[in-house]
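Input: a single structure, listed below in structure tokens.
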């Protein structure tokens with residue numbers, strides 16, 4: 001039969017025929033990758049995760065076009081006893097120092113509300129054009145500030161223990177460098193000029209996200225270095241010699257450099273999602289390189305270290321490597337059904353990077369072997385070169401396969417029953433997402449966020465554009481009356497939650513003895529702090545906005561839906577759009593995205609089995625390969641359901657990627673078993689295949705597991721969760737391949753052959 005790698009291994013044959021060309025190509029590609037690596041830039045991709053063709057994303061785009069997302073607020077959270085006048089003075093002094101920073105355009109505090117009351121043209125009574133009073137009013141007491149209609153616990157807590165300084169940055173906060181400068185400037189002020197009576201720390205989603213990116217930038221070299229060390233030690237564990245492990249390490253080193261270089265040269269920026277890719281590529285490169293070196297050393301030794309003997313390895317191991325790479329690429333490409341632009345990009349870049357692993361195996365590996373031989377490397381044959389542990393793995397794999405073959409019917413029935421049970425359990429898993437899931441709970445930024453959650457109104461603004469317009473002259477009074485009805489209805493439905501609209505401004509004006517006319521309101525909105533203006537009116541001042549703050553622990557999706565329903569009922573008409581804001585966007589899109597990722601997981605498993613059946617030209621391979629690959633996925637899902645742990649974006653992505661990588665074990669064991677069947681009976685073929693590839697499967701799983709293990713200690717809990725679920729899926733996949741697949745292969749291969757099988761797996765099977 002034809003090659004199960006669809007002939008892709010011929011690239012390796014070209015490298016064997018022209019080794020110096022392979023060496024030159026390797027050096028050129030490495031140089032280009034290094035040049036690209038120097039241009040690599042990092043950015044945040046949170047919003048792009050939720051970008052797509054959904055009503056929630058369309059509503060978010062309308063919000064950004066007409067107003068701004070208040071989730072982008074940057075806050076300095078200050079703790080102190082603000083019931084004392086001198087502490088309020090300290091707050092004012094600190095705000096003045098922050099406002100003087102070059103990275104800050106302006107600041108807003110609860111004290112700004114009294115300044116806001118001195119807006120030119122605003123006085124008591126109907127004469128709006130009168131000049132303000134000449135004498136400056138003294139700051140009101142803290143209790144009065146806390147009860148201000150425009151405060152509502154957002155800038156000063158009701159217990160007078162926490163205050164917020166809202167910072168309007170001088171540069172675009174979407175730029176990481178601008179945020180870093182702002183963080184550095186504020187940190188300098190807090191260290192050198194902050195009053196001793198106050199404790200302060202930066203908060204806000206932009207600050208948190210910049211800290212996540214910076215942590216990942218710091219961690220990446222460490223994680224890759226640890227992954228490289230682990231892979232190298234596993235190579236020594238399998239082959240018993242340092243020199244062999246060095247040859248193994250060339251391919252993963254090249255693939256990681258090439259992945260970074262390709263991302264930079266293609267104009268993409270490194271994101272939080274893409275940050276997970278290099279460690280996976282490193283582990284996958286080690287796994288494939290081990291398969292090649294494990295087989296090549298015997299052939300090279302038997303041929304008196306002739307480089308041309310590598311041709312046999314390329315023909316035997318190249319096709320399974322190609323097939324495993326194609327199945328992994330299929331897993332990455334299954335993210336196309338996610339509906340998320342950022343996840344689709346992750347899938348496409350991942351698929352290209354995985355294909356780069358195969359190219360490295362077919363070009364860089366021969367080049368590395370060629371140079372190693374010329375430098376004096378002399379590989380030992382399998383019987384001499386295997387470490388004692390590797391030989392132990394051979395014996396265990398052989399005995400396990402023998403026992404499974406003898407009990408193949410019972411094992412297969414038990415496996416099928418287990419898969420059905422796990423499938424039901426997995427169906428009960430609950431999708432979830434939190435904007436804080438990438439921030440460790442022990443970090444300062446997380447603790448500060450909890451202070452905002454507990455004392456300052458809540459983390460998440462829900463913004464709703466109302467079909468109430470002030471653009472038509474003379475319609476302001478009627479519009480404001482309709483707005484008041486909506487405000488009071490929402491206020492009654494969400495007691496105790498901060499709620500801002502133009503009605504809040506009118507209530508404040510009423511306490512100041514001022515009539516709220518159209519001219520007055522327009523003048524106020526022009527001078528209002530951005531955080532206040534964008535909460536109550538559109539950017540052009542023509543449309544009424546209403547903003548409700550909720551907490552992280554609230555059901556944001558349900559709160560937004562209720563907000564919309566109550567507003568529509570108070571208006572007596574349907575709304576023209578949806579409530580929005582980053583929290584609403586994530587709450588509405590993330591569960592659907594996670595469900596789509598669950599679908600991509602199943603598609604990856606089914607697609608991999610179908611591709612293997614096509615490669616082996618045997619339809620029976622489809623169920624044989626599908627069942628072992630479904631088992632780890634369903635087992636992890638069932639475990640989540642039992643523990644009542646939500647399936648998040650990070651864990652769903654990890655399971656799909658890990659499944660694609662773990663299929664490598666199924667490919668190599670099935671390929672070895674079919675090849676062994678050419679000259680052996682069914683039982684002997686299963687045992688021989690298990691002994692031949694079992695040690696490599698175990699060690700490559702150790703490489704993948706321990707290579708990803710350093711990420712378990714990542715600063716970001718989401719990265720740690722990604723690694724944990726990838727490790728769990730890969731480990732369970734090995735158990736399924738060694739504990740179930742031999743029994744399934746036994747059921748098939750135990751049948752008597754009708755005629756001798758003369759075909760080969762790879763071409764000539766050398």
Evaluate segment 199-211: report whether one residue or more is surrounded by 16 or more Cβ atoms within 10 Å (Cβ to Cβ), in a loop (DSSP other than H, G, I, E, B), at negative phi and within 27 Å of the chain's Cα centre (by Cα). no
Read through the list (1) more than 25 Å from residue 48 (Cα to Cα); (2) surrounded by 16 or more Cβ atoms within 10 Å (Cβ to Cβ), then give the number of the only condition that residue 442 fails. (2)
Mind listing whichever residues of segment 59-71 are surrounded by fewer than 16 Cβ atoms within 10 Å (Cβ to Cβ) and in contact (Cβ under 8 Å) with a residue 12 or more places away in the chain? 62
Might you let me know whether segment 544-557 holds any residue that is farther than 29 Å from residue 437 by Cβ, touching a strand residue (DSSP E or B) at 6+ places or on another chain (Cβ under 9 Å), outside the structural domain of residue 425 (by TED's automatic domain parsing) and modelled with pLDDT of 85 or more? yes
Can we say residue 331 is buried (at least 24 other Cβ atoms within 10 Å of the Cβ), in the same structural domain as residue 235 (by TED's automatic domain parsing) and either in a helix (DSSP H, G or I) or in contact with a helix residue (DSSP H, G or I) (Cβ under 6 Å, 6 or more places away or on another chain) (or both)? yes
The lone condition residue 71 fails out of (1) at pLDDT 90 or above; (2) in contact with a strand residue (DSSP E or B) (Cβ under 7 Å, 6 or more places away or on another chain); (3) in a helix (DSSP H, G or I) is (1)
In the list 357, 352, which residue meets the criterion of being within 31 Å of the chain's Cα centre (by Cα) and either surrounded by fewer than 17 Cβ atoms within 10 Å (Cβ to Cβ) or at positive phi (or both)? 352
Would you point out which residue out of 697, 735, 745 is modelled with pLDDT of 80 or more, closer than 22 Å to residue 612 by Cβ and either in a loop (DSSP other than H, G, I, E, B) or out of contact with any helix residue (DSSP H, G or I) (no Cβ under 6 Å at 6 or more places or on another chain) (or both)? 735
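Across segment 181-196, what is the total count of residues that are surrounded by 15 or more Cβ atoms within 10 Å (Cβ to Cβ) and either in contact with a helix residue (DSSP H, G or I) (Cβ under 8 Å, 6 or more places away or on another chain) or within 26 Å of residue 552 (Cα to Cα) (or both)?
Count: 6.
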Of everything in segment 142-180, what is in contact (Cβ under 8 Å) with a residue 40 or more places away in the chain, in a helix (DSSP H, G or I) and surrounded by fewer than 15 Cβ atoms within 10 Å (Cβ to Cβ)? Give them in sequence order. 143
Restricting attention to segment 30-45, report how many residues are touching a residue at least 12 places away in the same chain (Cβ under 8 Å), assigned to a helix (DSSP H, G or I) and surrounded by fewer than 20 Cβ atoms within 10 Å (Cβ to Cβ). 6
In the list 601, 571, 624, 585, which residue meets the criterion of being more than 30 Å from residue 436 (Cβ to Cβ), touching a residue at least 12 places away in the same chain (Cβ under 8 Å) and crowded, with 20+ Cβ neighbours inside 10 Å? 624
Of the residues in segment 563-609, how many are at pLDDT 85 or above and on the phi > 0 side of the Ramachandran plot? 1
Select, from 605, 615, the only residue that is over 31 Å from the mean Cα position of the chain (by Cα), more than 26 Å from residue 451 (Cβ to Cβ), in a helix (DSSP H, G or I) and not assigned by TED's automatic domain parsing to the domain that holds residue 110. 615
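Within 22 Å of the chain's Cα centre (by Cα) and crowded, with 16+ Cβ neighbours inside 10 Å: which single residue out of 459, 404, 400 fits that description?
459
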Select the helices (runs of 4 or more DSSP H) contained entirely in segment 455-542, then report the ones holding at least 3 residues which are farther than 26 Å from residue 105 by Cα, modelled with pLDDT of 85 or more and in contact with a strand residue (DSSP E or B) (Cβ under 6 Å, 6 or more places away or on another chain). 476-493
Hey, residue 86 hits all of (1) in a helix (DSSP H, G or I); (2) touching a helix residue (DSSP H, G or I) at 6+ places or on another chain (Cβ under 8 Å); (3) surrounded by fewer than 18 Cβ atoms within 10 Å (Cβ to Cβ) but one; which does it fall short on? (2)
Unique residue being more than 17 Å from residue 322 (Cβ to Cβ) and without any contact (Cβ under 8 Å) to a residue 40 or more places away in the chain when the list is 705, 656, 651: 705
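Is it fair to say residue 308 is over 27 Å from residue 392 (Cβ atoms) and either under 32 Å from the mean Cα position of the chain (by Cα) or not in a helix (DSSP H, G or I) (or both)?
So residue 308 fails the test.
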Checking 353, 367, 390 in turn, the sole residue that is assigned by TED's automatic domain parsing to the domain that holds residue 692, within 30 Å of residue 750 (Cβ to Cβ) and assigned to a helix (DSSP H, G or I) turns out to be 390
Can you tell me which residue within segment 665-684, out of those that are more than 44 Å from the chain's Cα centre (by Cα) and part of a helix (DSSP H, G or I), is surrounded by the most Cβ atoms within 10 Å (Cβ to Cβ)? 682
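The values are calculated or read from the model by the stated rules, or taken from the named source; none is laboratory data. None of these values were measured; they are calculated from a predicted model. Neighbour counts run over all protein chains shown; Cβ positions are idealised from the backbone, glycine included.
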